[in-house]
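For reference, the structure discussed in these notes is given below.
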Amino acid sequence: MWPVVGAVLPQAMAIALSPIPMICIVLVLLSDRPVRAGLCFAAGWVGALAIAVGLVAWLTDTVAEGHEESARDGVDVLQLAVGVLFGVLAVRYWRKRPAPGTTPPRPAIVDRMAILSAPGLLVAGAAAALANLKNLPLVLSAGSLLGGAGLGTSQSIAAVAIFVVAASVTVIGPLLAVVLVGPSQSARRLRSVEAWLLANLNTITVVLLTVLSAVLVGKGLDLFR
């Protein structure tokens, strides 16, 4: 199981380091009821990731049964395709970067986070996890690797759980910090993090996409073994 978990950790960390969800959880934790709001957002995020990765893994395992070699080739093709996609997106984000000295535009979702109700935060957490041009291919990539590894049911569940926990560390971590330290003591640090993320949003995205492109293309080249 552990070699497979290691193979999907780059995808998990890339999801965790996505700047938009990190900005969203920071804004949620700066709201009037930060712990309640943070729990709702985190529940939507974790639930959506767990369902999506588990479903992709199950479908891949079902299709692969009796066709292991073809399934392995299919997983390699998917890794290669996602890697190329991320390379193209990295170039696109780099070309759209703000000019030096220009304030980057705020993502539209940022200004809505503070006014969402509990059900809205659940949906926002799920959307931040999956309705994302970068995260959805990563979920497909990780789920296909987990499902094509030939693990037993208990090992598959454990591997999916580890993946989801790793992918959620930057959502759950700030929430735990606010619970332990207190909302008022955390507010100043959270505002600093928010300002830094918004100022460096494009750069973080380009670096993540470039690294992921190299990792996934490298894995996908196993197709030509």
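The values are calculated or read from the model by the stated rules, or taken from the named source; none is laboratory data. In this text the structure is predicted, and so the values were computed from the model without any measurement. All Cβ positions, glycine included, derive from the backbone under ideal geometry; neighbour counts span all protein chains shown. For accessibility, only protein heavy atoms count, side chains too; no ligands or nucleic acids. Shrake-Rupley method; radii C 1.70, N 1.55, O 1.52, S 1.80 Å.
A few remarks follow.
- Residue in segment 129-148 that is free of Cβ contacts under 8 Å to residues at least 24 places away in the same chain and open to solvent by less than 50 Å² (accessible area, probe 1.4 Å) present: no
- Yes/no for Ile51 being open to solvent by 30 Å² or more (accessible area, probe 1.4 Å), under 15 Å from the mean Cα position of the chain (by Cα) and within 23 Å of Gly152 (Cβ to Cβ): yes
- Options Leu59, Leu85, Leu78; residue that is buried (at least 20 other Cβ atoms within 10 Å of the Cβ) and either farther than 30 Å from Ser186 by Cα or at pLDDT 85 or above (or both): Leu78
- Per the listing Ala195, Ala187, the residue uniquely out of contact with any helix residue (DSSP H, G or I) (no Cβ under 6 Å at 6 or more places or on another chain), touching a residue at least 24 places away in the same chain (Cβ under 8 Å) and surrounded by fewer than 17 Cβ atoms within 10 Å (Cβ to Cβ) is Ala187.
- Within the option set Ala166, Ala214, Ala159, being under 28 Å from Leu80 (Cβ atoms), at pLDDT 85 or above, open to solvent by 50 Å² or more (accessible area, probe 1.4 Å) and part of a helix (DSSP H, G or I) holds for one residue only, Ala214.
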